[in-house]
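The values are calculated or read from the model by the stated rules, or taken from the named source; none is laboratory data. Treat the numbers as computed from the prediction; the structure is a model and nothing was measured. Backbone-built Cβ (ideal geometry, glycine too); neighbour counts: all protein chains shown.
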Amino acid sequence: MSDLKLGDKAPNFDAETSEGKINFYDYLGDSWGILFSHPADYTPVCTTELGTVANYKAEFEKRDVKVMALSVDGVESHKGWIKDINETQNTTVNFPIIADEDRKVSDLYGMIHPNADDTLTVRSVFVIAPDKSIKMTLTYPASTGRNFDELLRVIDSLQLTAYNKVATPANWKHGEDVVISPSVSNEDADKMFPKGYKVVKPYLRTTAQPELKK
Ligand code: BEZ
């Protein structure tokens, strides 16, 4: 059972997928990545989830994020199910789905939670930065489909805060004010945020969202 934590290096692997054999790091290149598992092919919630991800292709591309899905079903099962996803979700699945029949990747990433189900993967998500460090994880049960708008919102925050000394407050959305990191002194903040900032409390300083820099 893997115990990957934020900041850990995402393990590399080779896997059979619906798009052929893929090396994970080669697939990611210098982009951000999302690796997400679902319990099983030909199931209703998973069908809507993978269709949603396919329909968000432009949103992921805009953020330079490469997506890869996983379940413990085989390649032929994935290929047949993809036709159903495309038909019912009005999309074209445009990312590889790992066929993890031997659970190699599921075990590497701790995607099987035996007390929930000892054979199927739960709904795990790993967001991986270009340096291959894990920036976010989440785990949902089989019965609850994930909110992919929330995932995009988190990626916006991760990308903004990776390159600026700011953090994003509760319910923040792209374009809204952010908070200045507590590690930044007022003297440095004066230089870093020339458009100014508001001191609500000495530890709570807000400023307009900076431009995304890389
Ligand atoms: C679903 O995707 O609908 C699902 C998969 C496994 C268990 C329960 C629901």
Can you tell me how many residues in segment 137-153 are of a type in the set (Phe, Trp, Tyr) and either more than 16 Å from His174 (Cβ to Cβ) or free of Cβ contacts under 8 Å to residues at least 12 places away in the same chain (or both)?
-> 1
Look through segment 156-214, keep the residues that are among the polar types (S, T, N, Q) and in contact (Cβ under 8 Å) with a residue 40 or more places away in the chain, and return whichever of them is nearest to Val127 (Cα to Cα).
-> Gln159
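For (1) acidic (Asp, Glu); (2) more than 20 Å from Leu158 (Cβ to Cβ); (3) not assigned by TED's automatic domain parsing to the domain that holds Phe126, each residue gets a yes or a no:
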site: Leu6; (1), (2), (3): no, no, yes
site: Glu19; (1), (2), (3): yes, yes, no
site: Asp26; (1), (2), (3): yes, yes, no
site: Gly33; (1), (2), (3): no, no, no
site: Thr43; (1), (2), (3): no, yes, no
site: Thr48; (1), (2), (3): no, yes, no
site: Asn55; (1), (2), (3): no, yes, no
site: Gly74; (1), (2), (3): no, yes, no
site: Ser77; (1), (2), (3): no, yes, no
Can you pull out the residues in segment 120-163 that are part of a strand (DSSP E or B) and among the hydrophobic types (A, V, I, L, M, F, W, C)?
-> Val125, Phe126, Val127, Ile128, Ile134, Met136, Leu138
Only one of Ser71, Ser2 that is of a type in the set (Ser, Thr, Tyr) and either away from the ligand (no atom under 16 Å from the Cβ) or surrounded by fewer than 16 Cβ atoms within 10 Å (Cβ to Cβ) (or both) | Ser2
Return a yes/no flag: does segment 54-66 have any residue that is of a type in the set (S, T, N, Q), away from the ligand (no atom under 16 Å from the Cβ), surrounded by fewer than 18 Cβ atoms within 10 Å (Cβ to Cβ) and closer than 28 Å to Leu212 by Cβ.
-> yes
Of all residues in segment 23-53, which are within 16 Å of the ligand (Cβ to nearest atom), among the aliphatic types (A, V, I, L, M) and crowded, with 20+ Cβ neighbours inside 10 Å?
-> Leu50, Val53
Residue list for segment 83-102, restricted to those being surrounded by fewer than 18 Cβ atoms within 10 Å (Cβ to Cβ) and either in a helix (DSSP H, G or I) or of a type outside the set (Ser, Thr, Tyr) (or both) | Lys83, Asp84, Asn86, Glu87, Thr88, Asn90, Asn94, Glu101, Asp102
Residues located in segment 148-170, provided they are surrounded by fewer than 17 Cβ atoms within 10 Å (Cβ to Cβ) and either among the acidic types (Asp, Glu) or in contact with a helix residue (DSSP H, G or I) (Cβ under 9 Å, 6 or more places away or on another chain) (or both) = Asp149, Glu150, Lys165, Ala167
